[in-house]
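Read-outs throughout are calculated quantities, based only on the coordinates presented, and are distinct from any laboratory measurement. What you see is a predicted model, and the numbers here were worked out from it, not measured in a lab. Cβ sites come from the backbone with ideal geometry, for glycine too, and all protein chains shown count toward neighbours.
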Amino acid sequence: MVTKLLKALYVIGMYFFLYIPLIVTIIFSFNDAGTAEHWNGFTTKWYVALFRDQSLIKAAFRSLLLAAMAATTSTVVGTIIAIALHRYRFIGQRVVFGSLSVIMMSPEIIQGISLVMVFVILGVPLGFVTVLLSHTVFCFPFVTMTVLARLKGFNRNLVEAAADLGATDVSIVQKILIPLVLPAVFAGWLMSFTLSIDDVIISFFVSGKNYEILPLKIYSMVRTGIQPDVNALCAAMFFATFAVVLLSYRLVRKK
Amino acid sequence: MRKSADSFCRSAVLYFIFIWFGLMFFTPNLLVLLASFLTKDPVWFLRLPLNLQNYAALGDGVLLHTILKSFGLATCTTLFCLLFGYPFTYFIARMGKDARAVLLMLIIVPFWTNSLIRNYALIAVLSDNGLINTFLLKTGLIREPVKLLYTNFAVFVGMAYTLVPFMILPVYAVLEKIDRSLVEAAADLGATPVDIFFKIVVPLSVPGIVAGCIMVFLPALTLFYVSDILGGADVSVLGSVIRDKFMVSRDWPVGAAISIALTLFMLFLLHLYFKSGNTVEQERQLW
């Protein structure tokens with residue numbers, strides 16, 4: 001009985017640890033005083049200020065667009081590589097596999113500095129293009145692995161039968177492989193989208209001065225300490241995430 | 001005709017793969033390796049001659065101190081996440097199906113929330129008039145607020161808070177797959193819950209533990225924004241040092257040398273990861 005109670009307390013305590021900071025910040029985002037010191041009455045003025053902040057709104061749209069584009073390029077690159085790894089045997093295949101797992105495990109800071117060095121030395125101006133390329137580089141292995149996992153479980157005879165009956169490589173890919181991997185491709189796209197929109201460290205290095213995306217904007221806001229409109233931003237981001245997670249759970253569970 | 005179209009397709013795809021990996025993976029990493037042996041240049045960032053000075057700098061007083069401090073912080077973070085995250089995950093994994101789904105979702109929500117925002121939220125807990133100090137003052141345990149924010153302790157809390165889901169999720173993935181009949185058989189034969197936990201569950205979940213520890217340890221060395229938001233003036237995270245070498249002092253060679261050392265350490269961890277029975281497949285699922 002006592003152990004059961006302790007267990008429950010411990011599990012609740014862990015959720016407390018995960019949620020208390022967010023809850024406190026959300027509560028104070030409605031505080032008229034603008035600080036966490038004392039409660040001064042309910043207000044939504046910080047939210048109004050937040051949604052009037054043009055540079056923030058712009059950065060948010062830029063981020064959404066970038067994440068959608070980076071997810072798309074990573075999905076194309078990642079899927080091509082997955083199908084090639086599955087269909088062909090070639091020299092350096094093991095090296096490609098090894099590289100994929102190194103990229104997935106690498107600390108972001110190492111990817112960030114190595115890419116920025118290449119861009120600076122080649123004279124590529126830092127901005128949208130460099131961020132898009134860099135995001136594609138750190139996202140595509142996740143697509144490749146997701147698609148490969150899907151290909152692994154499927155009967156190779158299907159492809160052989162098609163080839164025996166005269167199908168070309170192109171039509172095998174078009175008519176068999178692509179329809180087969182489509183769910184994995186979508187999953188990979190979503191994963192890349194979330195990775196891209198959350199990334200701070202790589203973007204920090206490769207984005208340059210004139211291309212400000214949401215995480216970097218937030219970064220410059222939170223570094224200056226407590227600000228009432230950042231509390232509101234925090235709450236807005238939390239509820240947006242909550243809605244997305246809830247939605248994706250619903251979708252998964254329906255299947 | 002068909003054969004030639006097929007082989008054209010094949011070579012086009014393979015050339016694309018070689019160029020992509022060559023340009024976006026090997027070139028950047030080899031450049032870092034090369035830079036770590038070059039000399040700092042105020043205009044071109046890098047110049048000859050080749051030397052080993054940059055690696056020698058790693059053993060230098062201040063830098064060595066920060067490296068050791070960062071490893072200490074990463075070790076504390078990993079231990080905390082393991083000691084508090086593992087039993088928690090174990091209890092959740094043993095619950096009913098519906099409860100598990102809800103509880104897991106409640107872990108994923110903060111995990112998906114922007115990590116800058118989550119670290120920022122900790123300020124409201126740790127500051128002088130934050131939740132902890134207010135509580136301690138009101139209950140009379142302390143008279144003056146304890147300084148928590150902008151200390152190494154705050155960075156530790158931030159790291160643990162940011163990274164604990166990275167321990168929970170891989171451990172959960174392994175615990176969920178453990179055959180329950182093993183546990184039941186042991187219980188029937190008279191094993192105590194403690195025996196079952198330490199002799200069956202923990203050994204079977206080693207791959208998840210290793211994966212979780214790596215997923216916590218490496219970021220704990222490098223997430224410089226945690227130390228920016230919550231830490232004090234003294235640097236305690238290796239990532240901040242690398243960033244400053246590249247963005248502030250423009251000392252690419254030493255920055256590159258630290259990165260290479262970190263990469264070697266990562267390759268060693270990756271080796272442990274595969275040796276403990278993990279697969280590339282599982283690596284993807286960690287995210």
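Quick rundown of the values:
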{"read-out": "B:Met105, A:Met1 arranged by Cβ crowding within 10 Å, fewest neighbours leading", "value": "A:Met1, B:Met105"}
{"read-out": "Positive-end residue of A:Gln227, A:Leu158, A:Phe193, charge dipole of segment A:104-255 with Cβ unit charges", "value": "A:Leu158"}
{"read-out": "Modelled label reach - B:Arg10, point 7 Å along Cα→Cβ, segment A:165-187 residues with backbone N closer than 14 Å", "value": "A:168-170"}
{"read-out": "19 Å Cα cut-off, lysine pairs counted over chain B (separation 8 or more, or different chains)", "value": "5"}
{"read-out": "Equivalent ellipsoid dimensions for chain A as semi-axes, Å, which come from the Cα gyration tensor, largest first", "value": "42, 26, 17"}
{"read-out": "Fewest-first sequence of B:Ile123, A:Ile172 by Cβ atoms within 10 Å of each Cβ", "value": "A:Ile172, B:Ile123"}
{"read-out": "Ranking of A:Val185, A:Val222 by count of other Cβ atoms within 10 Å, fewest first", "value": "A:Val185, A:Val222"}
{"read-out": "Top positive-direction residue, dipole computed over the protein assembly as shown with Cβ charges, set B:Tyr55, A:Ile81, A:Phe17", "value": "A:Ile81"}
{"read-out": "Peptide-level mean, for B:17-24, of C-beta atoms on other protein chains within 10 Å", "value": "6"}
{"read-out": "Kyte-Doolittle mean at least 1.0, axial Cα span of 27 Å or more - DSSP H helices of chain B", "value": "B:61-93, B:152-177, B:252-275"}
{"read-out": "Residue-averaged 222 nm ellipticity for chain B, from DSSP H runs of 4+ at -39500 (n - 2.57), nearest 500", "value": "-23000 deg cm²/dmol"}
{"read-out": "Average beta-carbon neighbours from other chains, 10 Å sphere, peptide B:266-275", "value": "2"}
{"read-out": "Amide proton proximity set for B:Leu46, modelled H, under 5 Å, gap of 5+", "value": "B:Asp41"}
{"read-out": "Size of electric dipole in the protein assembly as shown: Cβ of Lys, Arg +1 and of Asp, Glu -1, about Cα centre, debye, nearest 20", "value": "960 debye"}
{"read-out": "Degrees separating the helix A:128-152 axis from the principal Cα axis of chain A, which is the longest one", "value": "60 degrees"}
{"read-out": "Cβ crowding within 10 Å averaged over residues, with A:18-29, A:145-156, B:93-104 ranked highest first", "value": "A:18-29, A:145-156, B:93-104"}
{"read-out": "Eligible aspartates and glutamates near A:Lys152 by straight Cα distance, threshold 20 Å, same-chain separation 8 or greater", "value": "A:Glu160, A:Asp169, B:Glu281, B:Glu283"}
{"read-out": "Taking segment B:1-62 and dividing mean pair separation by its residue count, relative contact order in percent (alpha carbons under 8 Å, at least six apart)", "value": "18 percent"}
{"read-out": "Selected from A:Val76, A:Val131, A:Val143 as most flexible by GNM, with chain A as the system and alpha-carbon contacts under 10 Å", "value": "A:Val76"}
{"read-out": "Assigned charges on the beta-carbon of Lys, Arg, Asp, Glu; segment B:58-285 dipole about Cα centre (debye)", "value": "180 debye"}
{"read-out": "Translational diffusion of the protein assembly as shown, µm² s⁻¹ [Kirkwood Rh, Cα pairs; Stokes-Einstein; 25 °C; 0.890 mPa s]", "value": "97 µm²/s"}
